[in-house]
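Please read the structure below before turning to the comments.
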Amino acid sequence: MDCLGSGEIRGCMFAGLLKHGGSMTWRPAAFINGEDGNDLLEYAFLAGLLSLACFIALIAVGADIRSMFGVLAAEFDKIFS
């Protein structure tokens with residue numbers, strides 16, 4: 001969908017550019033006042049925080065998991081040897 005040709009500027013991802021006679025004109029006020037990328041930025045920030053929390057949780061319980069698998073491996077060695 002071409003929002004520049006439709007005459008609808010509000011909600012257009014190209015709201016900072018207006019087409020006038022084949023040339024593009026810069027409208028910085030539309031980019032400053034626009035909210036086109038805010039949702040994407042918020043989701044990216046949330047995904048970053050979530051991955052950081054998972055990384056910290058894995059570091060915190062990593063030694064416990066490693067020792068648990070060590071005990072399990074020793075038990076299997078006892079059973080199958």
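The values are calculated or read from the model by the stated rules, or taken from the named source; none is laboratory data. A quick note: this is a predicted structure, and the numbers were derived from the prediction, not measured. Glycine gets a Cβ as well: all are built from the backbone with ideal geometry, and neighbour counts include every protein chain shown.
Remarks
- Flag not set for Phe31, criterion: in contact with a Cys (Cβ under 8 Å, 6 or more places away or on another chain), at pLDDT below 90 and surrounded by 10 or more Cβ atoms within 10 Å (Cβ to Cβ).
- Considering (1) aromatic (Phe, Trp, Tyr); (2) at pLDDT 65 or above; (3) in a loop (DSSP other than H, G, I, E, B), the lone condition that Phe14 does not fulfil carries the number (2).
- Unmet criterion (only one of (1) in a helix (DSSP H, G or I); (2) at pLDDT below 85) for Asp64: (2)
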